[in-house]
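For reference, the structure is listed below as structure tokens.
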Amino acid sequence: MGNVDMENVVIAGAGPAGLTAAIYTARSGLNPLVLEGPVPGGQLIVSPEVENYPGFPEPISGMELMDRFRKQTEQFGARFKMEVIEKVKKVNDIFEVDTGTGRIETGTLIIATGAEARRLDIPSESKFYGKGVSGCATCDGAFFRDKEVLVVGGGNTAIQDAVFLTRFASKVTIVHRRDYFRAVPAEMEKAKSNPKIEWLIPWVVEEIIGANTVTGAVLKNRETGKTQQIACSGIFVAIGHDPQSEAFKELVETDKNGFILVEAGSTRTSTPGVFACGDVCDPVYKQAVVAAGHGCMAAMDLEQYIYIQRRT
Amino acid sequence: MLNTNLKHIETEQEVKEVLESNENVMICCGRMGPMCIPVFSVMEDLEQIYPHVTFRDQDFDIPAADIIRNLPECALFMGLPFTVYFKNAKVVAATSSIQNKDQVMEILDREFGK
């Protein structure tokens, strides 16, 4: 191992939680290093339109919103590295952060790694990924001009993706496993009033069909057990997210679903000096504005921790 | 505009030059989005490990990207990024959409050796 950098504050993740924590800690002169992880900007960058983030009366794309977060963070001097954390070990009062390319040591750590999109977990999904199956409507929607596509899921992302895809596709069918939706009423109304959108509930995707690219899917009704084959050229998967906490499981306590546990009303984890914020510890709200607020809490909890450490 | 630490290819001439002057080349053609950034990041990591491979990225939306976009090997692709592996200027592998480090290394090892 070559030279090891010693940091004051390392922030894992560059979504709304991580960047807000970076703004606050940088503004307090703590010189944070942000390890951006596999997807800088977090889940929000796949959102075609964000219309409920306070301060933006006009809809803004998730990509642009996160670009603004980043510029604001940079203004206060936070530093960035495009690194993914593989493991963190506590040695005495120092945290050794192993990335794929080296090691960083830090006195404190804020975990804001968010959550990653779930996949359907059927063998044919990976076979057709990039050849009809996608997890990002904003990235790949334009490849499906005048084609019929499915959107799998019932949350805000799925419903927003379906509406977005009607810009390109001739027909969008929403396939959802339950007979109710988690998406908020405002998003549901947009989808319901869109003539290009059709609905299949409560159905699940059993198999994806095609030779070189997707040509259809086999669906199964969860109530009746009946199956049907449906023709389509694309399948967009938006069935929720799992917390990205694997690298920290030996460092902090998590619940059975992998969400990092924090003390009620704070961002303190089971390990002093380690704080968690945003979707990696939020099984309930999962909103950008909540994550941002949580990032602020983590920064303030961390500042207090450092203050007490220095006094003792 | 791609904001990565990789060398960018911006013109058709640069594509030709990089293919003519290097035996093993990996070009990732995409945007700064959630499917492409992880591949760019993997390439940055692997540049040190595979010194015998030339790694380049390219903005999907510039005219010079036609060379990659119009390759027969990419004709069925429907997911960003388009990643193409060349040996002696011939396509030996191509992938569509997000790939992880293991998937990229499997192709690099198979086509270009460790």
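Here is a yes/no grid of residues against (1) out of contact with any helix residue (DSSP H, G or I) (no Cβ under 7 Å at 6 or more places or on another chain); (2) within 17 Å of residue A:32 (Cβ to Cβ); (3) surrounded by 16 or more Cβ atoms within 10 Å (Cβ to Cβ); (4) not β-branched (Val, Ile, Thr):
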| position | (1), (2), (3), (4) |
| --- | --- |
| A:69 | no, yes, yes, yes |
| A:92 | yes, no, no, yes |
| A:102 | yes, no, no, yes |
| A:128 | yes, no, yes, yes |
| A:136 | no, no, yes, yes |
| A:159 | no, no, yes, no |
| A:165 | no, no, yes, yes |
| A:169 | no, no, yes, yes |
Check your understanding: Among B:48, B:99, which is the only one that is under 19 Å from residue A:38 (Cβ atoms), among the polar types (S, T, N, Q) and surrounded by fewer than 16 Cβ atoms within 10 Å (Cβ to Cβ)?
Key -> B:48
Exercise for review: Select, from A:25, A:106, the only residue that is of a type in the set (S, T, N, Q), more than 10 Å from every other protein chain (Cβ to nearest Cβ) and either open to solvent by 70 Å² or more (accessible area, probe 1.4 Å) or assigned to a helix (DSSP H, G or I) (or both).
Suggested key: A:25
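Name the one entry in B:77, B:60 that is in contact with a Gly (Cβ under 7 Å, 6 or more places away or on another chain), over 23 Å from residue B:5 (Cα atoms) and buried (at least 19 other Cβ atoms within 10 Å of the Cβ). Explain how you work it out, then say what you get.
Numbers: B:60 fails: over 23 Å from residue B:5 (Cα atoms).
Only one candidate passes the filter, namely B:77.
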Practice item. Evaluate the stretch A:65-73: report whether one residue or more is touching a strand residue (DSSP E or B) at 6+ places or on another chain (Cβ under 9 Å), outside the structural domain of residue A:190 (by TED's automatic domain parsing) and among the aromatic types (Phe, Trp, Tyr). Key: no
Check your understanding: Across the stretch A:35-64, what is the total count of residues that are within 14 Å of another protein chain (Cβ to nearest Cβ) and crowded, with 17+ Cβ neighbours inside 10 Å?
Key -> 16
Review point. Looking at residue B:2, is it assigned to a loop (DSSP other than H, G, I, E, B) and either more than 10 Å from every other protein chain (Cβ to nearest Cβ) or hydrophobic (A, V, I, L, M, F, W, C) (or both)?
Key: yes
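The values are calculated or read from the model by the stated rules, or taken from the named source; none is laboratory data. Note that this is a predicted model, so its numbers are computed, not measured. Because the Cβ atoms are built from the backbone with ideal geometry, glycine has one as well, and the counts that use them run over all protein chains shown. Heads up: the accessible areas ignore ligands, DNA and RNA and are worked out on the full protein's heavy atoms, side chains in. Shrake-Rupley method; radii C 1.70, N 1.55, O 1.52, S 1.80 Å.
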